[in-house]
Amino acid sequence: MSKNIRNIAVLTSGGDAPGMNAAIRAVVRACSFYKIDCTGVYRGYQGLLDGDFENLDARSVRNVINKGGTFLKSSRCEDFRKPEGRKLAYDNLKSAGVDALIVIGGNGTFTGAQLLIDEYNFPVVGIPATIDNDINGTDYTLGYDTALNTVVEAIDKIRDTASSHNRLFLIEVMGRDAGDIALNSGVGAGAEEIMIPEESDSLNKLMKSLKISREKGKTSSIIVVAEGDKSGKNVFELADHINDDLDDYDYDIRVSVLGHIQRGGKPSCFDRVLASKLGVGAVEAILNGTYNVMIGVERKKVVQISLKDAIEPRHEFDQELRRVADITSV
Ligand code: F6P
């Protein structure tokens, strides 16, 4: 175990995700367990620039495991993108006696961390936290499971109206450029069609499937649309398109954009457990002298992958689940 590490800082950055508090808690408690200091950084990279630090001990993180959001707060910091900003961040870390930094966030957070590594050789370890589940090297990101449960619950409620009024609902879900939330919630909520950015022919597929559904006598439908879908139409334009193109079928269409409710709420048990494993894994990696990696989970095992590889764009998606979706929506 490294004797050079006496103080680890932790921050949360980018979009908040349920489970971030549980991850901070695990980091702080692991530092306490291994008898080293832990410095909390407020408002992500902005707090590094402002020197907005606070010492955290095991008791500072009581009663946070069950809370959504992040008590350290988060931001998307423009100044950290500039070399002068990163110099200030490095200087503040050094003068606070911080030996290594744990960043909890998504792709943008890790891209920032990589710059700190490249320019100052500062030891950083990442914990993947984003509802989008769009990071290489981990089966799950923190917040994704909770977001899926929130989306499925919302769609279940919308389905009551859809079936009571014989309506077609287009439901937009988050995910940035990834279709994981749409595909998984769509299967979980029994959607008729799911449009995801990873597939280029989503509009044709949708129109065909709507015609077939009507001919089979389906009277209501739920279509889940990922916000990053590449049909070239937003969800309101899609509704107009269906209205115009399937005029004969007389659809009563409604649009529902679920938005930021997907990021909030109590983390699921799955996310709390995952956060605990990743937080402990991050501190132990640093104490074992392993830096510049992201801690992920693959087949239940905690794994490490270089931050560089973690931030590479991810292109593949769960083709098997898409096949299941097609079969179960006949
Ligand atoms: O990355 C998480 C996420 O919620 C995406 O799904 C979404 O595209 C984006 O953040 C929204 O960002 P903001 O909260 O800045 O509008």
Residue selected from segment 257-292 under the condition part of a helix (DSSP H, G or I) and within 16 Å of the ligand (Cβ to nearest atom), by the criterion farthest from residue 6 (Cα to Cα): 259
Residue check, residue 175 free of Cβ contacts under 8 Å to residues at least 60 places away in the same chain, touching a strand residue (DSSP E or B) at 6+ places or on another chain (Cβ under 6 Å) and not β-branched (Val, Ile, Thr): yes
Checklist (1) part of a loop (DSSP other than H, G, I, E, B); (2) free of Cβ contacts under 8 Å to residues at least 12 places away in the same chain applied to residue 14, failing item: (2)
Any hit, segment 223-236, residues being more than 23 Å from residue 319 (Cα to Cα), at pLDDT below 95, of a type outside the set (A, V, I, L, M) and out of contact with any strand residue (DSSP E or B) (no Cβ under 8 Å at 6 or more places or on another chain): no
Hey, residue 118 within 16 Å of the ligand (Cβ to nearest atom) and among the charged types (D, E, K, R) or not: no
Answer residue from segment 221-253, given it is part of a loop (DSSP other than H, G, I, E, B) and more than 16 Å from the ligand (Cβ to nearest atom) and is farthest from residue 132 (Cα to Cα) among those: 250
Hits in segment 313-328 (condition: surrounded by 13 or more Cβ atoms within 10 Å (Cβ to Cβ) and outside any helix (DSSP H, G or I)): 314, 317, 318
Qualifying residue in segment 69-79 (condition: under 20 Å from residue 18 (Cβ atoms) and part of a helix (DSSP H, G or I)): no
Filter result (loosely packed, with under 15 Cβ neighbours inside 10 Å and either part of a strand (DSSP E or B) or of a type in the set (A, V, I, L, M) (or both)) within segment 293-305: 298, 301
Qualifying residue in segment 128-146 (condition: assigned to a helix (DSSP H, G or I), within 11 Å of the ligand (Cβ to nearest atom) and not β-branched (Val, Ile, Thr)): yes
Residue match in segment 182-193 (condition: away from the ligand (no atom under 12 Å from the Cβ), under 30 Å from residue 5 (Cα atoms), touching a helix residue (DSSP H, G or I) at 6+ places or on another chain (Cβ under 7 Å) and not in a helix (DSSP H, G or I)): no
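The values are calculated or read from the model by the stated rules, or taken from the named source; none is laboratory data. Since the model is a prediction, treat every value here as computed from it, not as a measurement. Using ideal geometry, Cβ is built from the backbone for each residue, glycine included, and neighbour counts are taken over all protein chains shown.
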